[in-house]
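> For reference, the structure I am asking about is given below.
The values are calculated or read from the model by the stated rules, or taken from the named source; none is laboratory data. All values reported here derive from a predicted model rather than from experimental measurement. Here the Cβ positions follow ideal geometry from the backbone for every residue, glycine too, while neighbour counts run over all protein chains shown. All accessible areas refer to the heavy atoms of the entire protein, side chains included, with ligands and DNA or RNA removed. Shrake-Rupley method; radii C 1.70, N 1.55, O 1.52, S 1.80 Å.
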Amino acid sequence: MMRRCDEQDFDSIWTIINDGSQVYKGVIPEDRWTDPYMSSEKLQHEINQGVVFWGYQDAGILAGVMGLQHVQDVTLIRHAYVRSGSQRQGIGSRLLSHLRELTNDPVLIGTWADAGWAIRFYERHGFRMVSSEDKDRLLKKYWNIPERQVETSVVLADETWWALPA
C-alpha cells in the first residue's frame, strides 16, 4: 500500500534510509560517507525544507520511502530507499511511479555518479542523465548540497524536462 508518511513515521523513515544506504558504503567517495548515512537532525532538516516522504507499506511495515520536493519550477525526487531485506521486489519502482503521478512539473533526480545501479534504475523508468554542465547548474539551482557532492553526483531528468525549450 502506498501512503504519505507523517511525523509518526519519522523513526521508520530514518531507519530505512540508513539501512538502504548501506549499498553506497565503499562505492561513493569515502569523504562523502558518514555513519549513520543520514543523521536524524539532517532528516528533520530535509523535512523542514519541504521534502514530503511517501512510503510503501507491506503487511503493516513500511518497506520503502521516497521523498518529493517542489522547488521553484521543478519537482525533485529525494532520498529514495528500500529496506535491504525488501530490495529488488519492485518497491522502488512503485514509489517512483506514484510520485511521478503527483506532479506535472519536470522531475529531476540527483544521485551519486558511482552508483551505477541507481542510475540504471532511473534510466529504466525513462530518466536520462543531463550533461555535466547542466548537472552543475541544476544541482546549484535546485539542491542545497556541498560543492564536493556536486562534483561526485549526476542529475537525471524525465521527459518533461527534456521537452522544455533550451
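> Let me cross-check LYS140: its accessible surface, 1.4 Å probe, with only protein heavy atoms counted, in Å² to the nearest 10?
Near enough 120 Å² of accessible area.
> Moving on. Over all alpha-carbon pairs in region 2-47, figure out the percentage whose distance exceeds 12 Å.
Distances greater than 12 Å cover 64 percent of the Cα pairs.
> Here is a follow-up. Taking a ≥ b ≥ c as the square roots of the eigenvalues of the Cα gyration tensor of region 73-120, is the shape rounded (a/c under 1.5), prolate (a/b larger than b/c) or oblate?
oblate
> Just how far, in whole angstrom, is region 18-39 from region 83-154 if you go by their alpha carbon centroids?
16 Å
> How much accessible area does HIS125 have with a 1.4 Å probe, in Å² rounded to the nearest 10?
60 Å²
> Whole percent per 5 Å bin, from 0 to the bin with the longest distance: what is P(r) over all C-alpha pairs of the chain?
1, 8, 18, 23, 23, 17, 7, 2, 0, 0
> I've got another one for you. To the nearest 0.05, what FRET efficiency results for ARG32 and ALA59 with a Förster distance of 25 Å applied to their C-beta separation?
My answer for the efficiency is 0.15.
> Here's a follow-up. Along the principal axes of its C-alpha atoms, what lengths does region 1-91 span, in descending order and rounded to whole Å?
The Cα atoms of region 1-91 stretch 35, 34, 23 Å along their principal axes.
> Quick one: compute the contact order of the chain, relative version, from alpha carbon pairs under 8 angstrom and 6+ residues apart, as a percent.
Here the relative contact order equals 21 percent.
> Follow-up question, since we're still on this one. Carbon and sulfur atoms: what percent of the 1.4 Å accessible area of region 12-128 do they account for?
Here carbon and sulfur together make up 45 percent of the probe-accessible area.
> Follow-up. Between LYS42 and GLN22, 0.36 nm times their residue separation minus their Cα-Cα distance comes to what?
Between LYS42 and GLN22, full extension yields an extra 5.5 nm.
> Could you give the C-alpha radius of gyration of region 42-94 expressed as a fraction of 2.2 N^0.38 Å, taking N as the number of residues it contains?
Rg over 2.2 N^0.38 Å, computed on Cα atoms: 1.22.
> Additional query: Suppose accessible area is computed on protein heavy atoms with a 1.4 Å probe; arrange GLU101, GLU123 from highest to lowest.
So, going from the largest accessible area down, we get GLU101, GLU123.
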